[in-house]
Structures are given as C-alpha cells and as structure tokens.
C-alpha cells in the first residue's frame with residue numbers, strides 16, 4: 001500500500017502534464033490518475049509514456065501480479081486501456097471481451113488476472129461471429145444438438161523477466177443456456 005505522501009508526490013508529477021485537475025483512479029493501481037478522460041501514470045518517479053503489452057506487463061509485474069498480488073481485474077483492464085495493450089489481429093472489437101461477473105453461465109469466460117509465482121496472466125475471452133443459421137427452417141424441425149459457440153481466448157503472459165506477450169487461441173464454448181434440460 002502506498003503512503004499518502006507518495007500519492008501526493010506522484011500527483012505533483014502528474015500535474016506537470018495535466019490539462020486540468022488530476023483525480024486518483026484507484027488504490028489498486030498506483031500512481032494512476034485521470035485528467036479529463038485521459039490517463040496519467042506516474043511510475044518510478046516519472047510519467048509513463050510507453051505503450052503496448054510489454055509496457056503494461058512490466059508495470060503489472062512491478063505491482064506483484066506474478067505472485068498473485070497486484071491489482072484486481074477491473075484495475076488491470078484499466079491498465080490495458082491506458083497502455084493500449086489489447087490483443088492485436090483479432091476479428092472483433094478489442095474491448096468487447098466477456099466480463100459479466102453476475103452472469104453465472106459466463107463464469108469461465110469472464111476476464112481475470114492470475115499469478116502462479118512463475119508468470120502472471122491476464123485472460124480475456126471474446127465471442128466470435130457465429131456461422132449463419134440455416135435458412136428455411138420449418139417450425140418444429142429438429143435442428144440437431146446444440147452447437148458450441150466460437151470464442152477467442154487471449155492470454156497476456158507476463159514472465160518474471162522479459163516482455164509480456166499475447167497468446168491467442170480459438171476455442172469452442174458450449175453455452176450452458178443452449179444445453180437441453182436434464183429432466
């Protein structure tokens with residue numbers, strides 16, 4: 001936990017580049033401030049201007065994500081936004097990941113941050129476009145068994161040393177809501 005004085009010192013540095021008032025964003029992401037919708041991050045006594053997965057990974061590593069500490073997923077997602085560190089080359093909007101903690105059926109797909117002492121991981125899932133449905137289906141016609149939904153799993157691997165990198169894997173996910181009821 002950072003002291004009040006450390007936050008005040010970081011705020012003074014952030015004000016040097018701010019257009020207006022800077023507002024502390026969260027205790028979980030020191031020393032990150034918002035300035036009229038723009039983020040300002042002070043780390044190791046200076047304004048962070050680097051962008052991309054490597055920069056985001058380095059910052060999250062410093063916060064302890066490898067050992068399971070560090071910020072919670074909401075703050076990690078804010079840092080991905082700040083560093084513009086989203087996965088590249090995906091066929092959907094970069095910020096359209098699944099993150100609905102109250103939807104029990106999506107639990108396994110929700111955005112999460114993990115650390116096992118060897119590496120930290122930010123895990124995101126994206127629903128991919130489904131193939132078109134068959135046309136001219138007759139009412140009451142058996143459509144066959146439910147089909148899995150295509151999902152892109154994006155994992156930001158944050159190693160103890162070296163640059164963080166995204167790994168993309170296409171998976172097939174069976175939505176529990178599509179499964180027939182067990183009577």
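For region 1-76, which semi-axes, largest first and in whole Å, follow from the square roots of 5 times the eigenvalues of its Cα gyration tensor?
With the √(5λ) rule applied to region 1-76, the semi-axes are 20, 14, 11 Å.
Give the angle, between 0 and 90 degrees and rounded to the nearest 10, that separates the Cα long axis of helix 53-62 from the longest principal axis of the Cα atoms of the chain.
Taking the Cα atoms of the chain, the angle to 53-62 is about 60 degrees.
Can you give me the relative contact order of region 25-139 as a percent, contacts being Cα pairs under 8 Å and 6 or more apart?
Working: 141 pairs, mean separation 25.2, N = 115.
So the answer I get is 22 percent.
How big is D, in µm² s⁻¹, for the chain by Stokes-Einstein at 4 °C and 1.567 mPa s if Rh is the Kirkwood radius over C-alpha pairs? Can you show the working numbers first?
Numbers: Rh = 18.6 Å.
The diffusion coefficient I find is 70 µm²/s.
Run the quick spin-label model on residue 177 and residue 50: label points 7 Å from Cα toward the beta carbon, then report their separation in nm to one decimal.
4.1
Note the angle between two axes, namely the Cα long axis of helix 73-83 and the longest principal axis of the Cα atoms of the chain, as a number of degrees from 0 to 90, rounded to the nearest 10.
Approximately 70 degrees, to the nearest ten.
Any chance you could run the full-extension gain for residue 3 through residue 103? It's 0.36 nm times the residue separation minus the Cα-Cα distance, nm to one decimal. Could the numbers behind the result be given before it?
Values: separation 100, 0.36 × 100 = 36.00 nm, distance 3.64 nm.
Length gained, residue 3 through residue 103: 32.4 nm.
Modelled label-to-label distance, residue 114 and residue 67, 7 Å Cα→beta-carbon offset: nm?
2.1
When ranked by the protection proxy of mean other Cβ atoms within 10 Å per residue, highest first, what sequence do the peptides 115-127, 150-162 form? Show your work: numbers first, answer last.
Details: 115-127: 18.7, 150-162: 16.7.
Packing order, densest peptide first, comes out as 115-127, 150-162.
Using the per-residue mean of other Cβ atoms lying within 10 Å as a proxy for protection, in what order, highest first, do the peptides 56-63, 169-176, 9-16 fall? Working shown, then result.
Numbers: 56-63: 21.8, 169-176: 12.2, 9-16: 16.5.
Ranking the peptides 56-63, 169-176, 9-16 by packing returns 56-63, 9-16, 169-176.
Highest first, please rank the peptides 86-94, 67-75 by the mean number of other Cβ atoms sitting within 10 Å of their residues. Don't jump to the answer; show the numbers that get you there.
Numbers: 86-94: 13.4, 67-75: 15.7.
So the order, starting with the most tightly packed, is 67-75, 86-94.
Rule-based calculations on the coordinates, nothing more; no lab input. What you are looking at is a predicted structure, and each value in this text was computed from that prediction instead of being measured. Glycine also receives a Cβ, built like all others from the backbone with ideal geometry; neighbour counts cover every protein chain displayed.
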